[in-house]
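Beneath this line is the structure, given in structure tokens, with notes to follow.
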Amino acid sequence: MKAIVALAAVLLLPAAAAPADTAPRASWEWPLAPRPAVLRAFDPPDKPWMSGHRGVDLEATHDGVPVTAPESGTVSFVGVVVDRPVITIDHGGGLRSSFEPVESPLTAGAVVAKGEIIGTLQPGHCGALACVHWGVRQGDAYVNPLEFVTDLRPSVLLPLGLDTG
């Protein structure tokens, strides 16, 4: 009996004691359907002014597919940056998502629901492949968008034949 109580305490302890920054945030939806392959991963630079990849490139089935809001929010920007159409959604709590090249009929201030179409994918970001670049910022820092749609915590393997009795 003591072994069962000890095992239960060990299994419950990590969840209760885990720091907030390691808790999974995977509550958003993918901005493309079906679930896309990741063509280029998040690779932030060591310093803000250095080169890097501040988001992820997601493969689409073809150009012109609808891009949807991964979480509810308010459109904060719609326009062209350099030579690409971009839309940015403020999700509150300092979180903002940006998508390019995505052409949108929405305007700044529009409220969008999770899963709502925010625009259509335009060609050009990944050469011949259809893809959308998705970036997420928390405050001024770029964060990995995949942490909002998947659990990126490492797997924990338990030993076989754990004595429970």
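Any read-out appearing in this document is the output of simple, stated calculations on the displayed coordinates, not a laboratory observation. All of these numbers come straight from a predicted model, not from anything done at the bench. Every residue, glycine as well, gets a Cβ built from its backbone with ideal geometry; the counts of neighbours run over all protein chains shown.
Just a few scattered comments:
- Net lengthening on full extension, Ser76/Glu59 (0.36 nm per residue, minus Cα-Cα): 3.6 nm
- Residue-wise HN-Hα coupling along the stretch 78-91, computed from phi with Karplus coefficients 6.51, -1.76, 1.60 (Hz; x: Gly, Pro): 9, x, 9, 10, 6, 10, 10, x, 10, 10, 10, 10, 8, 9
- Dipole magnitude (debye, nearest 20) for the stretch 44-159, charges at Cβ of Lys, Arg, Asp, Glu: 220 debye
- Note on Ala141 and Trp49: their simple-model spin labels are 2.1 nm apart, each label 7 Å out from Cα toward Cβ.
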